[in-house]
Each structure stands twice: as C-alpha cells, then as structure tokens.
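Notes for the one structure printed next.
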Amino acid sequence: MHRRRFLRTASTLAGVSLGMSALPLPASNLRPGAGLFTPIRRGAGRFESRGGTIGWLMNDDALVVVDSQFPESAAECRDGLQKRSGRTVDLLINSHHHGDHTGGNSVLGADAKHIVAHDKVPMLQRMQAEQRGTLDAQTYANTTFAESWHQEIGDETVRLYHFGPAHTAGDAIIHFEKADVVHMGDLVFNYRHAYIDLGAGADTANWMTVLERAHDQFTDNTVFIFGHGNPANGVLGRRENLLVMRDYLGALRDAAEAGINAGMSAIETGAHGLEGFQSHVLQGNPDGIAGNIATVFEEMTTVKE
Ligand SMILES: [Zn+2]
C-alpha cells in the first residue's frame, strides 16, 4: 500500500517537474507579429517566425535576405529589416525550394534585383506547387548557379556552394565571408528528426558527405544558422553540429540496413527506433524518427532510374 502510494506520488512529481521544465515555445509556433530578430555579428543575423529560419545581412550598401518563410511572416521580416537598415531588400537567396523557405518570395523578393538559388530550385519549386495547387503563389529565382556563386555586397562577400544532392537535389550553403556566418538551409535539422524529400532528389549518403565537406570548408569560428532545430538546442550552432547531423543520418542508414537484412518492412524497421538520439525527439512529433527510418529504408530499397 505504502509502496503503491509512493509510486503514484513519484510519478505525479515526475509529471510536475516535466511540466516545470517544459521547453520554450518552438519558433515555428510563434504567433504572427511575434517574429524574433537576432543580430549575430558584423551585420548578419537571423529572423525566426513560421517556417525555416531566415538569415539576413545589412550594411551601408545592401540588404541581403536568405529564405522567405511564408507571405505573412515575410512581410513582418521585410518591415523589420527595412526599419533597421533604412533599405529595401537588394538580394534574396533561397537555400532550397521548400514552401517554408520560398513561400514569401513575392514579398521579400519584390524589390530585389536578384533572387538566387541552385539550378534545380525553380523546377523543384514548380513541381511542388503543381502538387499543392499553388502555382499562382510562386515567385521563382531569376539567377541560378551549379556549383558556386558569389557577389561583393558593400564590404562583405556572399558566397554560395552546392555540394550535390542531400536534403533535396538543389541545396545551397550560403556564407557571409567576413562575418563568417553560414546559412545551412535544411542541411541541418539541429538535434531533431529531419525531412527527407525523396521526391525532390534527397540522398542521405551524399548528405553525410556534404556535411563533412562543409565541416572542412569552415572553421571553429564560423557561426551556423540552421533551417530548423529542436527548441532546446535552437537554430544556431558551430561546425560540430554538422557532425551531429551526419551521425544522425548515419544511424538512420544503419537502422534501415539492419531492417532490410532482417527481412522486416519499412514500418517495422521504423518502429524499432534509434538508440542514442533521444534528444532528437520533438514533443510535437514523437514518431518523427520512426518516419525517418522508414523513409531511408525506402530510399535504400528503391532502384534509382
Ligand atoms: Zn526543406
């Protein structure tokens, strides 16, 4: 009797303590008008509201924005940046085509001379819009690149890299060189499960290589902005975070391979979960990791054309 009461008390206490240490509201759930502008260094910063993290750079000669979330939050971002810089957006860059990174292109790209993205982005964006019936809402990049692209922006240089298919077939890594701030787009889901878009050419094996190349390309001084993160870990990090993401992808591939070798289905394999990545479980989506394993299982059992 005593023991049972003790157990019940203990579990109640555990519940209370969990409640008290509840994680802060995820950036993706911020209400409209509550977007967060955070300077990083040397004119570079980030904006969080709904969707993928926006990066920005402002100096005396230009205002540059990376990614555009959705129209409403893009308008809030545009207004806030114009107020802070006294300029309109000169250059908009898309890290990739996904709707939560390009949905506000018509707003943030309205005054921009260039919208820059990887070669494959306009095609992938159109394909996604056809599937969703949102063709009328699209604004596409008007300048594209295959492997790298750069432009002098006042006293800053912005340089873009593409290291092959990873999160999608058209990912760009964006470096503000003098600030030494890098926007990774969705190449890093910081300490959380990922979105692996096989239909858009995702390649988890090369994704691991891309993260290693980026780790070698930059230094311990570099500050990274990530498209998405676990609320506890946020959307900023250092280059070791790139290797955490690589190891997560490696663990997904190992788990999928083990399931394939054991003759299990994708769903059964996913249900086995992943040891050592408890911090990657999001409150809102406890099945995220299982879904990732099943997707990688599919990737590894599908013969590429
Ligand atoms: Zn994405």
message: Show me the strands (runs of 3 or more DSSP E) entirely contained within segment 143-217 in which 3 or more residues are away from the ligand (no atom under 16 Å from the Cβ), in contact with a strand residue (DSSP E or B) (Cβ under 7 Å, 6 or more places away or on another chain) and not aliphatic (A, V, I, L, M).
response: 143-145, 148-153, 156-161
Residue, modelled with the highest pLDDT, within segment 263-272, restricted to residues that are surrounded by 14 or more Cβ atoms within 10 Å (Cβ to Cβ) and more than 10 Å from Ala294 (Cβ to Cβ): Met264
Near pairs, Cβ below 8 angstrom, 6+ apart or cross-chain, from segment 178-200 (more than 19 Å from Glu299 (Cα to Cα) and among the charged types (D, E, K, R)) to any residue that is within 12 Å of the ligand (Cβ to nearest atom) and not in a loop (DSSP other than H, G, I, E, B): Arg192/His228
field: Residues (open to solvent by less than 10 Å² (accessible area, probe 1.4 Å) and out of contact with any Leu (no Cβ under 7 Å at 6 or more places or on another chain)) located in segment 54-72
entry: Ile54, Gly55, Leu57, Val66, Asp67, Gln69
- request: Evaluate the following for Gly263: is it more than 16 Å from the ligand (Cβ to nearest atom) and either in contact with an Asp or Glu (Cβ under 6 Å, 6 or more places away or on another chain) or over 30 Å from Tyr161 (Cα atoms) (or both)?
  value: yes
task: Starting from segment 275-294, take each residue that is exposed (fewer than 12 other Cβ atoms within 10 Å of the Cβ) and list its partners that are at pLDDT below 90, counting only C-beta distances under 7 angstrom and pairs at least six apart or across chains.
output: Gln283/Leu23
statement: Counting only residues that are without any contact (Cβ under 8 Å) to a residue 60 or more places away in the chain, in a loop (DSSP other than H, G, I, E, B), within 16 Å of the ligand (Cβ to nearest atom) and among the hydroxyl-bearing types (Ser, Thr, Tyr), segment 85-133 contains a total of 0
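The values are calculated or read from the model by the stated rules, or taken from the named source; none is laboratory data. This one's a predicted model, so the numbers in the text were calculated from it and none came from an experiment. Note: ideal-geometry Cβ built from the backbone for every residue, glycine included; neighbour counts use all protein chains shown. Heavy atoms of the whole protein, side chains included, go into the accessibility calculation; ligands, DNA and RNA do not. Shrake-Rupley method; radii C 1.70, N 1.55, O 1.52, S 1.80 Å.
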